[in-house]
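Undergrad: I am attaching a structure below and will ask some questions about it afterwards.
The values are calculated or read from the model by the stated rules, or taken from the named source; none is laboratory data. Quantities reported herein were computed from a predicted structural model and do not represent experimental measurements. Cβ placement follows ideal geometry from the backbone for every residue including glycine, while neighbour counts extend to all protein chains displayed.
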Amino acid sequence: MPSPEETTATTRSFLADHPEATDALAALVDRDGDGEPWTFDEIGLDSGQFGELVARDLAESVADGYRLVNPDAIRAGLEAGPADGAADSESGVTAEPGRGGSTPDDDDASGLGIAQLLGGGDADALSLAGLIGTLLAVAGARLVAAPAVFQRGFVVSPANDTYFFRYWQERLAARADGILDLGLFADMGGAASTRPLAHATNWWVTVLFGGVDAAPAVAAWLPVVASVALGYLVYRLARLLTGDVRVALAAVLFYGLAPANVVYTSVGFLDHQAHQYLWLGLLVVTLTALGTDIARRTTKDAQTAARAHARDARMWLVALALAVAVTASAHTYGGSPLTFVPVAAVVGLRVALDVRHDISPAVANAPLLGGLGLGAAGALAAHLALGWHESIAAVTPVLVAGGAVVVVGLGELWRRVSLPPLGLVAVDAVVAVGGFVAYARLRPGDIERLQTRADDLFFREGISETASLFSPDFAVVFGPLLQLGLGFYFAVAVLAVATWAVARRYEPGWLVVVCFAWYYTLLATIQVRFAGQLAIMIAPFAGIGLVYLLSAIDIARPVAVVGRSAGSDSPSPRTRREDTTAMEGEITSLALPDSTRVRGYLVATIAVVLLFNLLLVPSLVGQTTHDRAQFDAALTIDSHADEVDREYPQNFVLSQWGDNRMYNYFVNGESQGYGYARSNHDQFLASPDPDDWYDQFRGRVGYVVVTEREGAPANTTYTALHEGLGLGANDTAATGHYQLLASDDGVRTFAVVPGATIQVSDPSGEQVTATTTVTVGADGDGATYEYARGAPVTNGTATIRVAHPGEYQVGNRTVTVTDSDVFAGNRTTIPPA
């Protein structure tokens with residue numbers, strides 16, 4: 001319990017933040033003096049003030065309500081008055097501890113300073129420990145794949161596309177003359193086509209840490225580091241919106257343990273997602289920072305607050321960070337134009353909010369326009385000067401920035417003539433459609449390319465990530481549980497409330513996350529691959545939902561839900577008591593319950609909520625990793641290719657396309673594409689005779705890997721190679737061009753060989769068979785199979801092709817075939833008896 005002196009000081013600080021609550025607090029002190037508990041409905045404080053009263057330990061929960069902790073000390077604080085320098089009586093805008101509320105005319109008291117954005121100055125030791133713990137949880141979830149990634153001294157990245165990024169990472173790093181080789185940014189070759197910033201970052205970081213030799217370590221750890229950095233951005237985002245450290249920490253956990261996000265950013269997963277998610281996080285945080293800053297200033301004099309926002313140098317630094325995010329987002333991945341659709345929606349709706357609340361859109365959005373304009377210029381400059389990405393990717397942020405200027409201009413005109421704000425939204429939509437039509441007429445080639453990209457993005461089949469988040473295969477409602485955990489259901493409820501609040505009040509900060517959350521929900525409904533971005537957007541809502549649940553069952557303090565009302569039509573304090581979107585008080589530090597039993601309930605409840613995430617993350621991540629048998633097959637092929645002196649393309653590995661880049665990366669380093677495997681592998685396995693494919697493979701395929709699959713028909717290449725090992729086992733036909741190198745745990749590895757021929761002259765009978773034994777496995781521990789190949793007699797001669805060396809029995813004679821014979825296609829003749 002705080003001392004009387006501490007309570008008095010806290011009371012003065014509370015009054016400095018809420019001078020309008022002085023009379024209500026004085027009345028509450030008198031009411032508390034009756035000796036009976038009181039409830040929230042019996043006092044004159046609004047919900048936000050009441051929440052702070054509890055959060056600051058001025059009041060505490062008792063059996064039948066609440067009591068003041070030290071009424072005499074609070075009375076002393078009332079008599080002493082507010083703490084000096086904490087409020088501007090003229091504007092009524094309070095400087096809340098750790099939140100950056102400010103006077104409109106004080107440049108040193110920004111509504112959201114850079115220091116706050118970076119998290120400085122408002123964390124106690126327990127809160128800092130909580131932040132570190134949640135970020136460690138983010139990293140830990142991404143290390144679930146570590147046993148499969150770190151094998152035999154190698155980094156075996158999950159999935160298939162990661163090896164495309166490793167291909168360019170190593171080649172560009174090998175060409176770089178150091179981290180100051182700026183010319184390489186403009187000469188990245190094919191890496192500059194669709195994901196230039198991701199590739200550029202990969203090679204630059206690789207060179208920074210030592211060059212090509214450091215490439216595997218960078219490939220392993222860069223996604224984890226980026227995910228932890230994004231976790232911190234999620235934390236700052238939730239703090240910006242709610243001021244509640246508990247919500248912020250819960251948001252980090254929901255983001256960090258969302259299976260869909262973990263899969264794409266796990267250790268070794270060097271793809272565009274880690275880069276894309278990080279820049280998306282910065283984009284949303286900066287947009288939100290600009291929105292929350294002006295909302296917190298707009299307590300009484302909206303125009304003065306808007307001017308102060310526009311003059312604040314720190315807001316222009318935030319705008320600079322926004323510009324960096326815009327430029328980076330444009331060049332991070334192939335579908336980057338999609339990133340700017342919600343940005344355009346945010347600008348249009350924010351201008352409508354400004355007009356509705358009689359705030360000058362031009363003044364209130366000056367830093368926003370500056371950030372978008374500078375970012376668009378950067379994106380276009382990278383395209384023109386460095387040759388990065390396609391033109392549509394560079395032009396999209398330019399269109400959004402230009403459209404934002406038009407929309408703000410229309411909003412300024414709309415406000416001056418006092419037209420209905422809803423009409424402005426309709427006009428904005430017309431402007432957007434008109435701009436797109438005009439662009440389509442001016443640059444039809446870009447639109448055709450955009451359509452192609454859209455087809456690739458939304459209409460590809462045969463890939464699991466192209467299914468809907470709400471797939472009927474999982475009864476619609478269970479898809480989000482598998483991909484995002486229970487946090488999705490918490491988030492949806494809070495998102496609905498937040499949407500309602502944004503429609504009623506001036507909440508430009510909340511507008512950002514509401515727009516982005518609904519947008520990525522729509523995209524994830526089309527394809528589940530967008531669930532990774534959705535996990536970021538809904539994390540603050542999920543955090544609010546969890547803390548609200550904990551407070552509802554009375555094991556946590558009340559929760560900040562949407563934010564402090566602002567603007568001319570904000571609900572009155574009395575109305576806000578029943579308003580679930582009102583702020584319940586800013587909580588900037590953690591405080592564990594005193595009761596051990598309550599602490600146990602708290603831990604148990606959080607564990608139950610996160611249980612599905614903890615169970616689903618390993619299983620979902622495990623679907624993308626390559627197991628030991630697969631990697632052993634790659635090493636076996638690599639070793640064999642060295643022994644027989646095969647180089648690319650003679651050592652190309654044909655496999656299931658989803659693993660093809662991995663095999664070829666470790667065997668020949670050519671992991672840029674998998675088109676040949678995708679076009680031919682399934683047809684090859686479905687053919688009736690694998691030897692018929694040898695002529696097609698000659699000079700193009702050197703090795704074949706066949707993995708177990710269900711429902712394969714009999715009498716196909718699959719059964720001959722996988723079930724029969726190419727040796728004729730299990731009542732299959734032996735092959736003459738596929739030499740079994742290894743068979744392990746459902747993975748069969750073959751070398752494609754010319755095969756030695758045994759020519760038998762003047763044999764007896766119409767069919768001749770050559771038989772030997774083949775041992776599968778090393779050191780004498782493998783199984784031994786009989787390998788028999790036959791051929792018909794034609795013109796008195798039988799020619800038998802064999803794929804394995806050994807001593808062959810042909811009738812009552814023997815002949816020795818060497819490995820060299822098999823790989824050179826030599827012929828051995830058995831003369832007539």
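Undergrad: Does residue 827 count as crowded, with 20+ Cβ neighbours inside 10 Å and under 27 Å from residue 641 (Cα atoms)?
TA: no
Undergrad: While we're on this one: Is it true that some residue in segment 235-245 is crowded, with 24+ Cβ neighbours inside 10 Å and out of contact with any Ser or Thr (no Cβ under 9 Å at 6 or more places or on another chain)?
TA: Yes, because at least one residue in segment 235-245 is crowded, with 24+ Cβ neighbours inside 10 Å and out of contact with any Ser or Thr (no Cβ under 9 Å at 6 or more places or on another chain).
Undergrad: Return the residues of segment 165-183 that are in a helix (DSSP H, G or I) and either surrounded by 22 or more Cβ atoms within 10 Å (Cβ to Cβ) or among the charged types (D, E, K, R) (or both); say none if nothing qualifies.
TA: 165, 166, 168, 169, 170, 171, 172, 173, 175
Undergrad: Moving on. Condition test on residue 785, is it surrounded by 12 or more Cβ atoms within 10 Å (Cβ to Cβ) and at pLDDT 95 or above? Please lay out each step first, then the result.
TA: Values: surrounded by 12 or more Cβ atoms within 10 Å (Cβ to Cβ): yes; at pLDDT 95 or above: no.
Taking the combined requirement at face value, the residue does not satisfy it.
Undergrad: What are the residues in segment 672-686 that are polar (S, T, N, Q) and under 9 Å from residue 654 (Cα atoms), if any?
TA: Passing the criteria: only 680.
Undergrad: Looking at (1) out of contact with any helix residue (DSSP H, G or I) (no Cβ under 9 Å at 6 or more places or on another chain); (2) at pLDDT 85 or above, find the lone condition where residue 637 falls short.
TA: (1)
Undergrad: Right, something else. Does residue 155 satisfy the criteria of being aliphatic (A, V, I, L, M), in contact (Cβ under 8 Å) with a residue 40 or more places away in the chain and in contact with a strand residue (DSSP E or B) (Cβ under 8 Å, 6 or more places away or on another chain)?
TA: Considered against the rule, which asks whether it is aliphatic (A, V, I, L, M), in contact (Cβ under 8 Å) with a residue 40 or more places away in the chain and in contact with a strand residue (DSSP E or B) (Cβ under 8 Å, 6 or more places away or on another chain), residue 155 comes out as no.
Undergrad: Being among the hydroxyl-bearing types (Ser, Thr, Tyr) and touching a Gly at 6+ places or on another chain (Cβ under 9 Å) is the filter; apply it to segment 462-502 and report the residue that is farthest from residue 523 (Cα to Cα).
TA: 489
Undergrad: Name the pairs whose Cβ atoms lie under 6 Å apart, with the first residue in segment 639-666 and closer than 15 Å to residue 629 by Cα, the second part of a loop (DSSP other than H, G, I, E, B), and 6 or more positions between them or separate chains?
TA: Between residues of segment 639-666 that are closer than 15 Å to residue 629 by Cα and residues that are part of a loop (DSSP other than H, G, I, E, B), the close pairs are 660/674; 662/626; 663/655.
Undergrad: Being surrounded by 24 or more Cβ atoms within 10 Å (Cβ to Cβ) and among the hydrophobic types (A, V, I, L, M, F, W, C) is the filter here, so list the residues in segment 354-374 that pass it.
TA: 355, 359, 364, 368, 372
Undergrad: The conditions are (1) farther than 17 Å from residue 722 by Cβ; (2) not assigned by TED's automatic domain parsing to the domain that holds residue 717, and residue 776 fails exactly one of them. Which is it?
TA: All conditions pass for residue 776, except number (1).
Undergrad: Would you confirm whether any residue within segment 634-646 is closer than 30 Å to residue 141 by Cα and either in a helix (DSSP H, G or I) or in contact with a Pro (Cβ under 9 Å, 6 or more places away or on another chain) (or both)? Full working, then the answer.
TA: Of the residues in segment 634-646, the ones closer than 30 Å to residue 141 by Cα are 634-635.
This time we only want the ones that are either in a helix (DSSP H, G or I) or in contact with a Pro (Cβ under 9 Å, 6 or more places away or on another chain) (or both), so: 634-635.
Yes, the conditions are met somewhere in segment 634-646.
Undergrad: Any idea which residue in segment 702-723 is nearest to residue 645 (Cα to Cα), counting only those that are surrounded by 24 or more Cβ atoms within 10 Å (Cβ to Cβ) and β-branched (Val, Ile, Thr)?
TA: Checked segment 702-723; the qualifying residue nearest to residue 645 (Cα to Cα) is 704.
Undergrad: Something else: Is there a residue in segment 69-80 that is in contact with a strand residue (DSSP E or B) (Cβ under 7 Å, 6 or more places away or on another chain) and either under 27 Å from residue 555 (Cβ atoms) or touching a residue at least 24 places away in the same chain (Cβ under 8 Å) (or both)? Please lay out each step first, then the result.
TA: Within segment 69-80, the first condition is being in contact with a strand residue (DSSP E or B) (Cβ under 7 Å, 6 or more places away or on another chain), and the residues that meet it are 69, 74.
In the following step, the residues that additionally are either under 27 Å from residue 555 (Cβ atoms) or touching a residue at least 24 places away in the same chain (Cβ under 8 Å) (or both) were identified as 69, 74.
Checked segment 69-80: at least one residue is in contact with a strand residue (DSSP E or B) (Cβ under 7 Å, 6 or more places away or on another chain) and either under 27 Å from residue 555 (Cβ atoms) or touching a residue at least 24 places away in the same chain (Cβ under 8 Å) (or both).
Undergrad: Quick test for you: out of 186, 146, 139, pick the one residue that is in contact with a helix residue (DSSP H, G or I) (Cβ under 7 Å, 6 or more places away or on another chain), touching a residue at least 60 places away in the same chain (Cβ under 8 Å) and within 16 Å of residue 225 (Cβ to Cβ). Break it down stepwise before answering.
TA: Numbers: 186 fails: within 16 Å of residue 225 (Cβ to Cβ); 146 fails: in contact with a helix residue (DSSP H, G or I) (Cβ under 7 Å, 6 or more places away or on another chain).
Result of the check over 186, 146, 139: 139.
Undergrad: Also, quick follow-up: Would you be able to say whether some residue in segment 465-480 is aliphatic (A, V, I, L, M), at pLDDT below 75 and surrounded by fewer than 19 Cβ atoms within 10 Å (Cβ to Cβ)?
TA: yes
Undergrad: Let me ask you something else. Counting only residues that are touching a Pro at 6+ places or on another chain (Cβ under 9 Å) and closer than 14 Å to residue 389 by Cβ, which one in segment 316-332 is surrounded by the fewest Cβ atoms within 10 Å (Cβ to Cβ)?
TA: 327
Undergrad: Let me ask something else about it. Mind checking which residues of segment 724-770 are of a type in the set (Val, Ile, Thr) and surrounded by fewer than 22 Cβ atoms within 10 Å (Cβ to Cβ)?
TA: If the condition is that a residue be of a type in the set (Val, Ile, Thr) and surrounded by fewer than 22 Cβ atoms within 10 Å (Cβ to Cβ), then 732, 757, 769 are the ones that fit.
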